[in-house]
Each structure stands twice: as structure tokens, then as C-alpha cells.
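The values are calculated or read from the model by the stated rules, or taken from the named source; none is laboratory data. Predicted model only: the values in this text are computed from it and were never measured. We place every Cβ from the backbone using ideal geometry, glycine too, and count neighbours over all the protein chains shown. Ligands, DNA and RNA are stripped out before the accessible areas are found, and what is left, the full protein with its side chains, is counted by its heavy atoms. Shrake-Rupley method; radii C 1.70, N 1.55, O 1.52, S 1.80 Å.
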Amino acid sequence: MNPSHADEPHVLREYALLADGERGVLVGPHGDVAWMCFPRWDSDALFSALIGGGGTYAVTPKGRFVWGGYYERATLIWHSRWVTDENAIVECREALALPARPERAVLLRRVVALRDEARVEVVLRLLGRFGSEAVRDLSRTDDGCWVGRVGDLHACWAGAAEAQPRDGALELHLRLDDGERHDLVLVVARDPKELEPPDPTTAWSATEEAWRESVPRLDRSAAPRDARHAYAVLSGLTGPSGGLVAAATTSLPERAREGKSYDYRYVWIRDHCYCGQAVAAAGPYPLLDSSVRFVRERLLEDGRELRPVYTTTGGRVPDERSLDLVGYPGGTDVVGNHAAKQFQLDAFGEALLLFAAAARHDRLDAETWRAAEIAAEAIHDRWRERDAGIWELDPDEWTHSRLICAAGLRAIAARGPGKDQAARWLALADAITADAAARCLHPTGRWQRSPTDERIDCALLMPTIRGAIAPDDPRSVETLRAVEGELTEDGYAYRYRPDARPLGEAEGAFLLCGFVLSLAHAQRGDHVAAARWFERNRAACGPPGLLAEEFDVLQRQLRGNLPQAFVHALLLECAVSLEVSGGAAGDTS
């Protein structure tokens, strides 16, 4: 068997995500694990074929086949499913075992012959540090497990006693009778004492139970099944510290060979707030508390110097560097993120909106109120400064940043602080809004991006959605009209026009923006338009139902890192808002 086919990348819509909060795995249609970092999201990759680093763990039917797959409802337990040219049907049930442990990962894979005999080829090739470290000390124990070392990591593979070493990989040929199943368990740990593989049946039961406890029913949403799936994705991307990574991957290109490849394996304050607000719209569920906890701790530690992005443990994000890999086709090989050095004013406003949403459910303690006061004071001190804004551009007086701060001040002022304090916050919100109206209003009556940038921007819909100004305010009405008139195509929305090129040539449609338009219409009571935007954008996925940041409308392909947390957060919020506003879009449960 030639295992090299397992290193070939696929289009993004074909990858499924396995995640346990500490790290994630991308599985392709050949049953190939193309990506996994260990021990944390932003650690070096153990499997990095996705960006050219090599290393894989593939479970693939022998011969020709067609592929499909599905998640078990409200979980990240994935079933790869193949029908072979011999009419056999074989599945591989796979998951990262729960509950998760910081220094130990357990990847469960159960191969099942659903119809007729199945012949399956399995390849395990471990390559640490993005492919630069080969496995060593590879040996089979007396109980049939394979053990080895990759750098300072230790690995144990159970269920593959008959595997044979070949060129640094282990290859296993399985022949399963109709109805037969075979369990494979891969354990990776820092401490060799933690390598004992769990009993597969026990591990599967614990994982199933953990997912049942993690994801609420969300019956009061326009699309309960998709809403629960979005919640499961967000839960899988959220670690024990409460940190929600923006995406599981790095360097997946937004546009081929245009240098738009970034590392999103970190925690953005803005994204976290989007997640918390979406969950709060549905109910006081655990992910709301996680979001509040992480944002609160960052504000208490860093105050007015709050950074826009952190590691999952609250640490500093490293500078960007290249890995000297070929990258995903069209992309690069960057790790680290320059946004960590930016000032993004809107993060303070989003934090206040998150805290206000949690306060509606009586989920704020004294320490969180203190964090809210810190955020409000930071806005008071810094709102006139130039910042990088929501899209992380060159510093400017971005209208969105200021108006989101006004929205946050209004929201938190309504949640019960003392009258004098609330009055100060409302007065500050009024001053910020008045300044924006005097300097950032386009001659047509809509908002413009900044005092010196007259372009329309989809982000300018968010301040109205969050309560900075009323939805029937003429400025809100004209902004919505301009966004739909200038930044949309075939039911998808773009951020803004970067240059004179037609929409779609400079960058892909932003799925986040499509859901923002759905929220804007739902707020105004146009349930038909809200449902149309929701349905169009939630369908921009493959069988796993995962959404990236951008969507290439012409080629109908996902672009950028996968899955994008804030897109799934807005999908969840839209599903809840459509149900509450009376614009239910149809039950897919």
C-alpha cells in the first residue's frame, strides 16, 4: 500500500472537525487526519499534511469508493461513510475522547462493516513539529500496542497489533465481515505514564455522555439541528480556561496566492463576545459563563491595555513566522499573529455587550461588574484614539468601533448599576454617537467607515443591531439600504469594497456578514428577508456542516481557516432571533 495519497489536501468543505476543547483534528474524505496540534490548539502540529508538513492517520476503504459522512446529533462525533464499488458500506466513527485532559489526547476510531465484507487500509505516520520530527523508538508491546516517541511527546496505538512498519509509518490491513467492528485507539501524551489506552467501550460511553451534558436542546430556534450543531462546534473550540479559539487551523488561504493566510488558533476578545451574546440569546448555558470568565479575566489583568487576541491560557500571542512548508494550495505557512500588537477599540464595547447579555440572566458577580467598569473607563479614556477596527486594518477613527462602544455603554447602563454611574455611561454613549454623526455621516445619510473613508461597510449594521441607535433611525435605514445595494451578490454579503474590482475578485463573501444582514432584517420585523439571508448563508457548507470565514460565490467553495467560530456564533444567534421574532425558517431537526 502506498500511504502518500493520505497527504493530499482536499477542498475545505470536505473536512470534519473533531475537538475536545484542548485541541482539534481535521478529518478528510479518505479518512485522513490532516491536522492536529498537541497539546493545545496553538502548539506545534503532530499531523500537518493540511499545510504540507506531512504526517497522517488514515482509515480508508480499499479500492474505489464514494464518500459521505455525518455528525451524531449535537456532538462532534463524526461518521466517515463510504460505499465501495463492490457495494459494501463501511463507516468509521471517530471522536476525540471526553472529558479532555490538558497533556493527554485520545483519538477514538471505530471501523464498522455496515453491509457486506469490508476491506480497509490504515496508515499511521507521526511527524512532530509540523513534519520536522520523525517518530523514533517505535516498538510493539507484549499486549499488542505500538509505542513510540516524537520529540518530547509519547504515543501509543491500540487495536493495531498486526500493523507492519514501513518507511517510518505503520500500515494495517483490516478485513471485516458484515456487521463486524474494529476499534483503534491512539493516545498522545507528554508523560509516558499517561499512555495506557482506555477501554474503547468505556471511552465511547464517556464521550457520548459528555456531549449530552454539553449541548442544550435549543428547541426554541428556527433550525434546532443547525443551532445545536453550531453550539457543539463552539463548545469543541472552547477550552477549560474558557478560551474560544477563532478557528482550529492556520494558514488556510482566503484568496489564492494573495498573502491572505493567517493563524487563527488563538482567542479573539471580539469573537468570544459574539459567542457569549449568541448563547445568551438562547439561554443561560455554560458557554455564556465561559465567555464571561475569559473576557473578565483579561480585563482585570490588562485593563485599558486589553489586547485583541490571546492564547487559550490568556498569554501573549507570538509574532508571525514562517515554517518553511509549501502550505495549503494557494496559501502560506505562517504561525503567530500580528493582530496581538494592535489596539482594537471595539473590544471594550463588545465586552460590555457581553456582560449586559449575561446580566439579563443574572450571571454577573462582583468581579465581572468591576471588569465592566474597567471597560467603560477604557472607552472614556481611549475612544478618540485611532484603532485597527473590526477588520484589523491600518489605524483610523473607525465608525464601527466607536458606535459599538456606544452600544455597549447603553446596554450595560440598563442592567442595574447606580443611577449616577448609569447616567455617566449614557452621557458618554451620547457624546460618542454625536461625534460620529458629526464626522462619519455620508452625504446620503448613511454611516461611512471613518471621517476620511466614505465607503460603506457591512460592519456598520452591527451598532444598530446592538442598540447604539434605533433600527428605524434614518441613518440605520440608509445604511442597511446601502449595504444591500452595494455589498451583496446572489444572497451573500461582502465586508466592503477594498478596491475598484468587482465583488468577489478582491475577496470572498463574508458569511458573518450574511448572518448580520439576517439579524438586521429580523430586528426591523422583515421576517422573510431575515429568513432568506439565514437560509442562504447557513447552506454554504459541505456534509460536515462547518463554515469558514469566506465563501467563494463563483466557485461555491469555502475559503480561510476552518471552522470559523464567529460565523457559527452568528448562525446560532440568527436561529434564535428568527424564532423569537416570528420568522421561523423551518425545522431541520
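Within straight-line reach of residue 260, meaning a Cα separation under 19 Å, sit the following lysines at least 8 residues removed in sequence or on another chain: 341. Solvent-free Debye calculation, one equal scatterer per alpha-carbon of the chain: log10 I(q)/I(0) at 0.08 Å⁻¹ equals -0.54. The ellipsoid equivalent to the alpha-carbon distribution of segment 201-307 has semi-axes of 26, 20, 15 angstrom, derived from the gyration tensor eigenvalues as √(5λ) and listed largest first.
Per-residue extension of 0.36 nm, minus the Cα-Cα distance of residue 501 and residue 435, leaves a gain of 20.5 nm for this segment.
Relative to the longest principal axis of the Cα atoms of the chain, helix 286-302 runs at roughly 70 degrees. The lysines whose alpha-carbon is closer than 16 Å to the alpha-carbon of residue 193, local same-chain residues fewer than 8 away aside, do not include any residue. Relative contact order, whole percent, for the chain stands at 13, derived from Cα pairs under 8 Å and 6 or more residues apart.
What is the helix-to-structure angle for 399-413, meaning the angle in degrees between its Cα long axis and the longest Cα principal axis of the chain, kept from 0 to 90 and rounded to the nearest 10? Approximately 80 degrees, to the nearest 10. Mind checking the angle between helix 269-282 and the chain's longest principal axis? C-alpha axes, 0 to 90 degrees, to the nearest 10. With both axes taken from Cα atoms, the answer is about 90 degrees. Using the Karplus relation 6.51 cos²θ - 1.76 cosθ + 1.60 with θ = phi - 60°, the per-residue 3J(HN,Hα) values for segment 442-456 come to 6, x, 7, x, 8, 6, 10, 5, 7, x, 10, 10, 7, 5, 7 Hz, with x marking Gly and Pro. Applying a DSSP loop filter and a limit of 13 other Cβ atoms within 10 Å to the GluC sites (Glu not before Pro) in segment 189-290 leaves 258. On the principal axes of its alpha-carbon atoms, segment 286-379 has extents of 50, 27, 20 Å, going from largest to smallest. Extension gain for residue 320 to residue 453 (0.36 nm times residue separation, less C-alpha to C-alpha distance): 45.0 nm.
At 1.4 Å probe size, what's the solvent-accessible area of residue 380? Round to the nearest 10 Å². Accessible area of residue 380: about 110 Å².
Computed from the Cβ-Cβ distance with R0 of 45 Å, the FRET efficiency linking residue 166 to residue 302 stands at 0.30.
Listed as lacking a disulfide-compatible partner in the chain: 37, 92, 145, 156, 273, 275, 405, 440, 541, 574, by the criterion of no other cysteine Cβ under 4.7 Å.
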